[in-house]
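Below you'll find the structure, written out as structure tokens, and then a few comments.
Just so you know, all these numbers are worked out from the coordinates, no wet-lab data involved. If you're wondering where the values come from, they're calculated on a predicted model, not measured in any experiment. Cβ atoms come from the backbone with ideal geometry, glycine included; neighbour counts cover every protein chain shown.
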2 protein chains.
Amino acid sequence: MDVKTVCLGMLTDGEATGYDLKKQFESSFAHFFAAGYGSIYPALSALARDGLVECREIPQDGKPDRKVYRITDAGREHMQEALKKPDPTHKVRSEFLAMMCFAHLMSEEQLDIVLANRVADVERKLKLIHDYETSCMQDATPGMRFVCGCGKTMLHAMKEYVDQNRHLLVTDTPSRKAAAS
Amino acid sequence: MDVKTVCLGMLTDGEATGYDLKKQFESSFAHFFAAGYGSIYPALSALARDGLVECREIPQDGKPDRKVYRITDAGREHMQEALKKPDPTHKVRSEFLAMMCFAHLMSEEQLDIVLANRVADVERKLKLIHDYETSCMQDATPGMRFVCGCGKTMLHAMKEYVDQNRHLLVTDTPSRKAAAS
DNA sequence: ACTTTATATATCGAAGTGATAGTATGCATC
DNA sequence: GATGCATACTATCACTTCGATATATAAAGT
């Protein structure tokens with residue numbers, strides 16, 4: 001389940017350009033699988049090279065060709081195989097928690113800013129999920145519903161944890177408490 | 001807050017070898033910041049090159065020298081600077097959730113195995129945190145307590161979510177329900 | 001006697017990150 | 001009428017990290 005496979009999976013849903021896929025990585029997939037152009041374009045090239053997708057090049061004047069990718073039968077088969085992997089990973093890479101390990105080397109002001117930014121980021125991601133859910137209404141697959149629900153649960157858990165345990169790191173002043181509520 | 005910085009941070013707590021740091025990455029840091037030898041050894045070399053750590057080489061017969069690293073004053077200063085970054089990331093990279101997006105392309109048996117493995121992995125990580133907490137008893141910093149607590153909260157949230165929402169993906173048979181309880 | 005675990009080093013190809021660059025259209029703001 | 005910003009699209013590149021593998025010895029379990 002690398003970027004290549006995820007792109008292939010997205011293409012089971014209909015043809016798309018690299019740009020389209022990037023948008024999906026930025027919206028519905030943002031909270032659990034980020035990918036930039038530096039991964040997506042090479043991935044699509046490799047998939048095309050291996051015959052798992054086909055590419056229609058639509059010429060445009062002045063601009064580089066628009067490249068629309070479509071999954072092939074071989075691609076669908078490959079996807080089926082990829083989905084047989086029994087133990088897909090779930091990894092967290094948190095500079096935030098790493099930094100908190102060294103909280104005793106930081107000032108309260110620094111900690112306060114970092115905690116606030118973390119909560120803000122969580123809220124941004126919650127909004128992304130919410131926007132996705134409202135935009136596709138009832139036509140999401142059960143899988144996507146499961147995934148969105150999982151994202152919301154984890155993000156809420158993080159937010160609540162930070163709120164309820166910040167006292168382990170900072171002594172809340174009355175003004176801060178007031179600002180938080 | 002890359003591997004280099006985290007290694008430097010670990011060394012604020014006392015001198016260590018690359019192997020020692022790896023153990024820390026595998027135990028207390030495992031649930032939010034993994035790193036292998038392929039990152040740690042180059043990181044230590046770079047830190048030594050930049051004068052942020054010093055290396056004592058202890059010769060050993062037959063084996064390569066044992067290299068014990070100690071942080072320098074410049075290193076401590078560098079760490080202070082690194083901790084001023086106001087918005088450390090917190091990223092999830094989940095093959096698991098990516099796979100669940102394509103659940104409609106999978107069989108129930110496959111899904112069942114994947115869900116079971118996910119729960120097992122969560123439990124393994126919970127045990128790691130628990131083991132760490134009992135091993136260091138009260139001499140953990142508030143920061144480490146915060147981090148362990150956060151890990152436990154997130155992992156419990158994931159486990160509970162999977163348990164309570166598996167019905168979105170699989171129709172639980174009586175036998176499965178019995179096995180789960 | 002045999003195997004696993006622990007201590008310790010190190011490298012390398014493959015994969016992914018993040019930033020940057022380029023080009024055109026259209027829309028809003030000044 | 002110009003300037004800047006958003007959107008649509010492509011693409012590359014240096015750097016970092018990942019995961020697997022290799023090498024060596026000693027202790028400890030079975």
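Counting 0.36 nm for each residue step from B:ASP2 to B:ARG56 and taking away their Cα separation leaves a gain of 17.1 nm. The simple spin-label model puts a point 7 Å past each Cα toward its Cβ; for A:VAL119 and B:TYR41 those points are separated by 4.5 nm. Sequence-distant contacts, meaning Cα pairs under 8 Å at least 6 residues apart, place the relative contact order of the stretch A:1-146 at 25 percent. Across the stretch A:39-125, C-alpha contacts under 8 Å between residues 6 or more apart give a mean separation that, scaled by the residue count, equals a relative contact order of 17 percent.
Among B:HIS90, B:HIS130, which comes first, then next, by fewest other beta-carbon atoms within 10 Å?
Details: B:HIS90 19, B:HIS130 12.
So the residues, fewest neighbours to most, are B:HIS130, B:HIS90.
If the label point is 7 Å along Cα→Cβ of A:ALA48, which residues in the stretch A:68-87 have backbone nitrogen under 19 Å from it? Taking a point 7 Å out along Cα→Cβ of A:ALA48, the residues of the stretch A:68-87 whose backbone N falls under 19 Å are A:68-76.
With its label point defined 7 Å out from Cα along the Cα-to-Cβ axis, B:THR89 lies at 1.4 nm from the matching points of the other copies, in increasing order.
Rounded to the nearest 0.05, what FRET efficiency do B:LYS23 and A:HIS104 have when you use their Cβ-Cβ distance and R0 = 30 Å?
Numbers: r = 21 Å, r/R0 = 0.71.
That pair, B:LYS23 with A:HIS104, gives E of 0.90.
A helix-only calculation puts chain B at -19000 deg cm²/dmol for mean residue ellipticity at 222 nm, using -39500 (n - 2.57) for each DSSP H run of at least four residues, averaged over all residues.
The ranking of B:LYS127, B:LYS152 by Cβ neighbour count inside 10 Å, starting from the fewest, reads B:LYS127, B:LYS152. Chain A's nearest residue to the axis relating it to B, judged by Cβ and reported with the distance in whole Å, is A:ALA157, 2.
Dipole of chain A, Cα-centred, from +1 at each Lys and Arg C-beta and -1 at each Asp and Glu C-beta, to the nearest 20 debye?
Details: 24 positive and 26 negative charges, 22 e Å.
Its charge dipole is roughly 100 debye.
Annotation for A:GLN138, label-to-label distances across the other copies: 6.0 nm (shortest first, one decimal, point 7 Å from Cα along Cα→Cβ).
Within the listed set A:VAL68, A:VAL170, A:VAL92, the Gaussian network model of chain A (springs between alpha-carbon atoms below 10 Å) gives the highest mean-square fluctuation for A:VAL92. The order of B:ILE113, B:ILE58, going from fewest to most other C-beta atoms within 10 Å of their C-beta, is B:ILE58, B:ILE113.
Model label sites at A:THR134 and B:HIS167, defined 7 Å from Cα along the beta-carbon direction, differ in position by 2.8 nm.
Here's the picture: charge each Lys and Arg Cβ at +1 and each Asp and Glu Cβ at -1 in the stretch A:1-94, and of A:GLN60, A:ALA34, A:MET1 the one pushed furthest to the positive end of that dipole is A:ALA34. If you take all other residues with their beta carbon under 9 Å from the beta carbon of B:LEU155, and give Lys and Arg +1 and Asp and Glu -1, the sum is +2. Taking R0 as 30 Å, what's the FRET efficiency between A:LYS159 and B:LYS127 from their Cβ-Cβ distance, rounded to 0.05? It comes to 0.70. Farthest towards the positive end of the charge dipole of the protein assembly as shown, among the residues A:CYS136, B:ALA120, A:HIS167, is the Cα of A:HIS167, using unit charges on the Cβ of Lys, Arg, Asp and Glu.
Do the alpha carbons of any pairs in B:LYS22/B:LYS67; A:LYS85/B:LYS159; A:LYS91/B:LYS159; A:LYS85/A:LYS152; A:LYS4/B:LYS159; B:LYS23/B:LYS127 sit beyond 22 Å of each other, and which pairs?
Details: B:LYS22/B:LYS67 14 Å; A:LYS85/B:LYS159 20 Å; A:LYS91/B:LYS159 15 Å; A:LYS85/A:LYS152 25 Å; A:LYS4/B:LYS159 28 Å; B:LYS23/B:LYS127 15 Å.
The answer is A:LYS85/A:LYS152; A:LYS4/B:LYS159.
Within the listed set A:GLN60, A:GLN24, A:GLN110, the Gaussian network model of chain A (springs between alpha-carbon atoms below 10 Å) gives the highest mean-square fluctuation for A:GLN60.
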